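Structure first, commentary second.
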Amino acid sequence: MKILDGKSLALTRRSALADWVEHHVQQAGRPPGLTVLLAGDDPASATYVRSKEKASAKAGIRGEVQRLPSTITEHELLARIEALNADPDVDGILVQLPLPEGLDENLVLDAIHPSKDVDGFHPVNSGALWQQRGEVAPCTPLGIMHLLDAYNIELSGKSALVVGRSNIVGRPMAELLLQQHATVTIAHSRTHDLKSLIATSDIVVAAIGRPEFVKAEWLKPGAVCIDVGINRTNEGLVGDIEWQGLDAVASAATPVPGGVGPMTIATLLHNTVCAWARHTGLSDAPA
Ligand code: GUN
């Protein structure tokens, strides 16, 4: 079984991106800018945001994190987003999810100008993605596509099963796989007989959020396994796919940690630099 080493690919891509920024910053007239809004004190979100902050700096992105109290009002959050929309030095605005209780996620995300929406969550961007004319795609699924591409995993004509239907992962993942000519099925918590769908799928993307829910023995021999799960258990961090026994059946798989997670961050930087290239009129964009 080939290990799809997201950690190593993410480092390679981040280093290439840093070079790309360095070579274009003079022409652009200013460095790329990314602002992250983190409301509340969810510990996992705080960890993710710190990683995003560090990675941005290393890529030559001028990053800012606004840490806001969980009591922030919708009005105040929207005012901050408006100010960032109007700030010519800001290319990307990311509102870390989940938002504290009582804040309307759709209302907040819709306030981000689509050209600064580096998450690709704005309905203009998700709509464009589904019409194959998107300029940005959500970081986790796009990062998975970069990983599959780097390992030359054939997608055309293959059966791909996406387990999970969130706006962040499952839905955009299905569309990106479809754009590469996979035959895509989306499964979810109401799906009847998930096991038999898994047994016939060449590619399985698990974004369920339940530790080792997918058993190795359910897989089709030779399957490619993409594990989006990050589950904290007493035994440490585990994915949504059982790791024990996977080696005997899968042809390739992403480890947890070190698979999809690092690719998500690398892709956020990629999306930010692409937004910067568009905003400053650079004629090309990073690979
Ligand atoms: N929370 C978990 N994943 C994500 C993501 O990709 N973007 C944002 N903004 N919040 C998240």
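The values are calculated or read from the model by the stated rules, or taken from the named source; none is laboratory data. Keep in mind that what you see is a predicted model, and the values were worked out from it rather than measured. Cβ coordinates were reconstructed from backbone atoms using ideal geometry, including for glycine residues, and neighbour counts include every protein chain displayed.
Quick one: is Gln27 within 22 Å of Thr280 (Cβ to Cβ) and among the polar types (S, T, N, Q)? Working first, answer last.
Values: within 22 Å of Thr280 (Cβ to Cβ): yes; among the polar types (S, T, N, Q): yes.
Answer is yes for this residue.
Quick one: would you say Leu11 is touching a residue at least 12 places away in the same chain (Cβ under 8 Å) and assigned to a strand (DSSP E or B)?
no
Mind checking which residues of region 233-247 are in contact (Cβ under 8 Å) with a residue 60 or more places away in the chain and either of a type outside the set (A, V, I, L, M, F, W, C) or surrounded by fewer than 15 Cβ atoms within 10 Å (Cβ to Cβ) (or both)?
Of everything in region 233-247, those that are in contact (Cβ under 8 Å) with a residue 60 or more places away in the chain and either of a type outside the set (A, V, I, L, M, F, W, C) or surrounded by fewer than 15 Cβ atoms within 10 Å (Cβ to Cβ) (or both) turn out to be Asp240, Asp247.
Which residues, taken from region 221-232, are surrounded by fewer than 23 Cβ atoms within 10 Å (Cβ to Cβ) and not aliphatic (A, V, I, L, M)?
Pro221, Gly222, Asn231, Arg232
Condition check ((1) acidic (Asp, Glu); (2) over 23 Å from Pro172 (Cβ atoms)) across all residues:
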site	(1), (2)
Lys58	no, yes
Glu64	yes, yes
Ile81	no, no
Gly92	no, no
Val95	no, no
Asn106	no, no
Lys116	no, no
Phe121	no, no
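Restricting the search to region 112-128, which residues are among the aliphatic types (A, V, I, L, M) and in a helix (DSSP H, G or I)?
Across region 112-128, the qualifying residues are Val124, Ala128.
Tell me which residues, restricted to region 125-181, are among the small types (Gly, Ala, Ser) and touching a Gly at 6+ places or on another chain (Cβ under 8 Å).
Of everything in region 125-181, those that are among the small types (Gly, Ala, Ser) and touching a Gly at 6+ places or on another chain (Cβ under 8 Å) turn out to be Ser126, Ala128, Gly134, Ala137, Gly143, Gly164, Gly170.
Could we say that Leu237 is part of a helix (DSSP H, G or I), closer than 29 Å to Ile61 by Cβ and either within 16 Å of the ligand (Cβ to nearest atom) or among the small types (Gly, Ala, Ser) (or both) here?
Here the answer is no, as Leu237 does not meet what is asked.
Which residues, taken from region 16-45, are surrounded by 15 or more Cβ atoms within 10 Å (Cβ to Cβ), within 21 Å of the chain's Cα centre (by Cα) and without any contact (Cβ under 8 Å) to a residue 40 or more places away in the chain?
Correct list: empty.
Can you pull out every residue in region 240-275 that is within 16 Å of the ligand (Cβ to nearest atom) and in a loop (DSSP other than H, G, I, E, B)?
Asp240, Val256, Pro257, Gly259
Okay, residues lined up against (1) at pLDDT below 95; (2) closer than 23 Å to Asp5 by Cβ; (3) more than 16 Å from the ligand (Cβ to nearest atom); (4) over 14 Å from the mean Cα position of the chain (by Cα):
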| site | (1), (2), (3), (4) |
| --- | --- |
| Ala160 | no, yes, yes, yes |
| Gly170 | no, no, no, no |
| Ser189 | no, no, yes, yes |
| His192 | no, no, yes, yes |
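Within the bounds of region 99-107, is there any residue that is closer than 29 Å to Ala253 by Cβ, within 20 Å of the chain's Cα centre (by Cα) and not hydrophobic (A, V, I, L, M, F, W, C)?
no
Of the residues that make up region 124-144, is at least one among the charged types (D, E, K, R), surrounded by fewer than 15 Cβ atoms within 10 Å (Cβ to Cβ) and over 21 Å from Ala207 (Cα atoms)?
Yes, that holds for at least one residue.
List, please: which pairs have Cβ atoms under 9 Å, are six or more places apart or on different chains, and start with a residue in region 115-142 that is among the β-branched types (Val, Ile, Thr) and more than 10 Å from the ligand (Cβ to nearest atom) and end with one that is modelled with pLDDT of 95 or more and in a loop (DSSP other than H, G, I, E, B)?
Val136/Val118; Val136/Asp119; Val136/Gly120; Val136/His122
Given the criteria surrounded by 19 or more Cβ atoms within 10 Å (Cβ to Cβ), among the hydrophobic types (A, V, I, L, M, F, W, C), touching a residue at least 24 places away in the same chain (Cβ under 8 Å) and under 22 Å from Ala223 (Cβ atoms), does Val162 qualify? Outline the logic, then answer.
Values: surrounded by 19 or more Cβ atoms within 10 Å (Cβ to Cβ): yes; among the hydrophobic types (A, V, I, L, M, F, W, C): yes; touching a residue at least 24 places away in the same chain (Cβ under 8 Å): yes; under 22 Å from Ala223 (Cβ atoms): yes.
Answer is yes for this residue.
Taking Leu147 as meeting all but one of (1) surrounded by fewer than 22 Cβ atoms within 10 Å (Cβ to Cβ); (2) within 16 Å of the ligand (Cβ to nearest atom), write down the number of the exception.
(1)
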